[in-house]
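Each value in this text was obtained by applying a stated rule to the coordinates, not by laboratory testing. Since this is a predicted model, take the numbers as computed values, not measurements. Please note: Cβ atoms are built from the backbone with ideal geometry, for glycine as well, and neighbour counts cover all protein chains shown.
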Amino acid sequence: SIANVDGFGDEAFAEMREMRVGLRLIPLLSRRVEITEFVLVEPTIRLAQNRRGNNWTFTAPDADTAAPAPAADGGFVRGDGALPIEASFGDVRIENGALHFTDGSESRSITGLDLNIALPSLDTETRLTGALNADGESLSFTASIGSIRDFFEGRETPVSLGLGGNLAALSFDGRILAGEAIAFDGEIDANIPSLRELAAFAGSPLPAGDN
């Protein structure tokens, strides 16, 4: 657990019941990362904001200290050789996670977060599946990307996303285009039974009128 800062209550800022990590050491000598297990059991994060600030900004910037200049190379760029390692992941998941936020006048919660990631290698399809409960609404989600290495090295990469629930069903099927910049091309399908209910859930209720 990680304790909360002063002024934000006695509950922990973050905690989890269990974390399990497995890593094979010998493959590291050949620059190959093999994660056999990475499991978080009941991780919980509590974000809070009030007139004094928030509990997730751990250090305050010094007003007399200028921000460091950005690196001359501009940071990460997608291109050949951007991911020069080999890696595989076994059992990667989150069990019953939770995220809570409050600002004194409004509270939002995500509970029952279950997440599974299938990443057999950097050169094969990666798949993500999961479900959660957001402020009383049950949601499920899926995602897949053709190849993590293709994405990092700037090659065209198929991608799909899906979100399902009573308020909306959304999907995207397409591709990340080749090149240094991240650009998408594809088709979006949306089924929203009630825009009014969706807007109210998002915290922006529509004015009174016909549905």
Multiply the residue gap between Ser140 and Val77 by 0.36 nm, knock off their C-alpha separation, and tell me the result in nm, one decimal place.
-> 19.4 nm
Using a Gaussian network model of the chain whose springs link C-alpha atoms within less than 10 Å, name the residue from Phe152, Phe89, Phe76 with the highest mean-square fluctuation.
-> Phe76
Using a basic spin-label model with each label point 7 Å from the Cα along Cα→Cβ, how many nm lie between Leu170 and Val21?
-> 3.3 nm
Ranked from highest to lowest mean number of other Cβ atoms within 10 Å per residue, what is the order of the peptides 184-195, 158-169, 130-141, 102-113?
-> 158-169, 130-141, 102-113, 184-195
Pull out the extension gain between Asp10 and Thr57, defined as 0.36 nm times the separation in residues minus the alpha carbon to alpha carbon distance; nm, one decimal.
-> 15.2 nm
Whole-number value, in Å³ per residue, for the convex hull of the alpha carbons of region 86-211 is 143 Å³
Residues of region 81-97 with amide N under 20 Å of the 7 Å Cα→Cβ point at Ala178 = 81-84
Taking +1 at the Cβ of each Lys and Arg and -1 at the Cβ of each Asp and Glu, which of Asn54, Gly136, Ala183 sits farthest along the dipole of the chain towards its positive end, judged by Cα position relative to the Cα centre?
-> Asn54
